[in-house]
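Have a look at the structure below before the remarks.
A short reminder: the numbers here are calculations on the coordinates, not readings from a lab. All figures in this text were calculated on a predicted structure; none of them were measured in a lab. For neighbour counting, all protein chains shown are included, and Cβ atoms are generated from backbone atoms with ideal geometry for every residue, glycine included.
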Amino acid sequence: MASIWVIDTKDARTAAKYGLFYGCIIPNRYPGIERSIKVILEKLGCNQLFSDIPQATCCPVPGIFYSSDKETWLALAARNLCIAQDRKQELVTFCNGCFSSFLMATEQLSDPKKLGMVNRILKNVFMKYTGIPRVTPEGRRVLEPIKVRHFVDVLYRDIGLESIKSAVVNPLKGLKVAVHYGCHYLRPTERECIEDPVNPIMVDEIVASLGAESINYENKLDCCGAGGGVRSYVVDLAAAISRDKLMNIINAGADLIVTPCPYCLLQLDTVQERLELTRIPVFHITELIALALGADPRRLGLEAHVVPADEIISKYGGTK
Amino acid sequence: MGHAKKEFIISEKERLLEEVPIVDEECDRDFIKAIIEMGGGDVQVCLQCGNCTGVCPVSLKTENKIRNIIKMCQMGLKEKVLSTPWVCATCHRCYEHCPAGMNPAELIVALRHIVVRELGPPPFVVSISNNVANLGQAIEISDKILDLRKKIGLNEKPFDERYRSKAIMDIRTIMRATGYDKLIGIDLGD
């Protein structure tokens, strides 16, 4: 269904397969992640497959909206899904929270009752969620729900480790990386089933393909403590949970923490200032990839991080 | 550095260990109905095995044990429960480990719905909802980040100005249609 979003026709008829959904934290707190995503796609030569979604708004935060009014949460999420639908794109997220929110929304919208309810609300903004029309190999016309993807999944399954490996110009030899997956990357398992929830490997393998070593540490799949409103509601509790995680990471001798979630990044980065125990840089996985692919480290916005990564940059930032 | 020592915060153990028997008047028979209405119906299948508490990062650190919360819900101890639901990271470990297939995280969401409706939303819910209604995003941007964006070659404004006002109008229309503005207390003007 055509929507009134067709303001910029070139934009609406984008040939790009994937729509990039940055969420709230990346553009407003750690813009270097946004920059590193662009660098990665350029260096991997798959720019044309991806495009920004300029009409997108907050996913909206499940810890706030899903927790206070499910109807509003679903309608606001569906609004973003409608935009991807009109652009016939897969929705690519870089945040475990956005990923979980959209997956849960597509799941709920497969219930005709909820779909009807949402479409009655969306009528007010001239939108309708249907899914993307496709013709099956047998010639049947079907409406497919929007595909919600985590960028890690796209990198691993669609682009492939080999492409990343061959694009590495600054191998991160000797760098010991502690991977933190984050809860909503893994759970609930029936929804976030992109890989084995008790033994996830995709981020570890991406780290290894950059030449770095992904080290094992105690309780690797533990929560960072920030999710679900805990960080906003009882700061001390979130900090205490993060503290356990950070101590395990330090004890394992890591140089760097890497996560696929900017909210976990925000928590693990800012909490170190509060705890005054550890000084270990925390990177989003895209920032680490960009560094290995030869991005200019001065243009990765790493000054937005609370814990500086100067040592790592001077060692692995190339000659630029 | 040595072995990572677990830290325990918010000790309410003493208060909870006071031998105060639960009296019938404390039990609100309608509470379970409200929980079911808000989507936490499976609270009734809990067998009190404690698997959820064993894997819960919050239960590990506080006396907010999820198993106790579930039991108190079953007993209708509404007053005791309503101070707890925002202390949950919604990490869904409880759900993964529940042998009865219950989803305690979803129960917490139902309790949050009740808290928002009966006691009002906590301040951070109001401020983030306001941000979304006014900016389209949950987080405000600072001048420092605006400068940084420019410096590293991104569009200075993260939000595409061509679409911004329409997007915010959409959000506000949706919030009005569902009554979210009244529920949270957001002033949408006009």
- Item | Gyration tensor verdict on the stretch A:226-269 (Cα atoms; rounded if a/c is under 1.5, prolate if a/b is larger than b/c, oblate otherwise) | oblate
- Which listed pairs, of A:Lys113/A:Lys220; A:Lys17/B:Lys144; A:Lys220/B:Lys144; A:Lys114/B:Lys182; A:Lys88/A:Lys176; A:Lys245/B:Lys182, have C-alpha distances above 30 Å, in listed order: A:Lys113/A:Lys220; A:Lys17/B:Lys144; A:Lys220/B:Lys144; A:Lys88/A:Lys176; A:Lys245/B:Lys182
- In whole Å, what are the Cα extents of the protein assembly as shown along the three principal axes, biggest one first? 72, 60, 50
- Query: When the Cα centres of the stretch A:112-127 and the stretch B:136-182 are compared, how far apart do they sit, in Å?
  - Reply: 23 Å
- Message: Quick check: the angle from helix A:96-108's long axis to the longest principal axis of chain A, C-alpha only, nearest 10 degrees?
- Response: 20 degrees
- Query: What's the average, rounded to a whole number, of partner chain beta-carbon atoms within 10 Å of each residue's beta-carbon in A:31-39?
  - Reply: 3
- Item | With 10 Å bins from 0: P(r) over the stretch A:67-125, alpha-carbon pairs, percent | 22, 58, 20, 0
- Message: For the stretch A:126-191, take the convex hull of the Cα atoms, compute a quarter of its surface area, and give me that in nm², please.
- Response: 8.9 nm²
- Task: Kindly write out, for the stretch B:78-95 in residue order, the coupling ³J(HN,Hα) from the Karplus curve 6.51 cos²θ - 1.76 cosθ + 1.60 (θ = phi - 60°), rounded to whole Hz, with x marking Gly and Pro.
- Result: 4, 4, 6, 8, 5, 8, 9, x, 7, 9, 8, 7, 6, 7, 6, 5, 4, 5
- Item | Once the Cα gyration tensor of the stretch B:88-176 is diagonalised, semi-axes √(5λ) in Å | 35, 19, 13
- What ranking, highest mean first, results for peptides B:115-127, A:91-103 when packing means the other Cβ atoms within 10 Å averaged over each residue? A:91-103, B:115-127
- Message: Regarding the stretch A:170-320, what's the average projected area of the Cα-atom convex hull, expressed in nm²?
- Response: 8.5 nm²
- Note on the structure: Residues whose built amide H sits under 5 Å from the amide H of A:Asp52, excluding neighbours closer than 5 in sequence, are A:Leu20
- Taking the Cα centre of each part, how many Å lie between the stretch A:142-190 and the stretch A:22-75? 16 Å
- Query: Say a site is exposed when it is one of the GluC sites (Glu not before Pro), sits in a DSSP loop, and has at most 15 other Cβ atoms within 10 Å; what is then the longest site-free stretch of chain A?
  - Reply: A:1-137
- Query: To the nearest µm²/s, what D does Stokes-Einstein give for chain B at 37 °C and 0.692 mPa s, using the Kirkwood radius over alpha carbon pairs as Rh?
  - Reply: 167 µm²/s
- Item | Calculated FRET value between A:Glu273 and A:Glu311, using beta carbons and R₀ = 25 Å, to 0.05 | 0.90
- Task: Partner chain Cβ atoms within 10 Å, averaged over the residues of A:15-28 - can you pull that number for me?
- Result: 3
- Item | Cysteines without a disulfide-compatible partner [chain B; Cβ-Cβ under 4.7 Å] | B:Cys27, B:Cys46, B:Cys49, B:Cys56, B:Cys73, B:Cys88, B:Cys98
- Cα centroid separation - the stretch A:203-253 against the stretch B:18-73, whole Å: 29 Å
- List the residues of the stretch A:14-41 whose backbone N lies under 15 Å from a point placed 7 Å from the Cα of B:Phe124 along the Cα-to-Cβ direction. A:25
- Share (percent) of C-alpha pair distances in the stretch A:199-284 greater than 15 Å works out to 57 percent
- Message: Compute the orientation-averaged projected area for the stretch A:1-148 from the convex hull of its Cα atoms and round it to one decimal in nm².
- Response: 9.8 nm²
- Be a star and scan the stretch A:269-290 for residues whose amide nitrogen sits under 16 Å from the point 7 Å along the Cα-to-Cβ vector of A:Val235. A:269-277
- Task: Can you tell me the 0 to 90 degree angle between the C-alpha axis of helix A:262-275 and the longest principal axis of chain A, rounded to 10?
- Result: 40 degrees
- Item | Scattering profile of the stretch A:245-314 at q = 0.14, 0.25 Å⁻¹ [log10 I(q)/I(0), Debye over alpha-carbon scatterers] | -0.40, -1.24
- Message: Could you tell me the calculated FRET efficiency between A:Asn251 and B:Arg164, based on Cβ-Cβ distance and R0 = 45 angstrom, to the nearest 0.05?
- Response: 0.45
- Helix B:123-135: inclination vs chain B longest Cα principal axis, degrees, rounded to 10, gives 30 degrees
- Item | Neighbouring partner chain Cβ atoms per residue of B:145-154, average, 10 Å criterion | 6
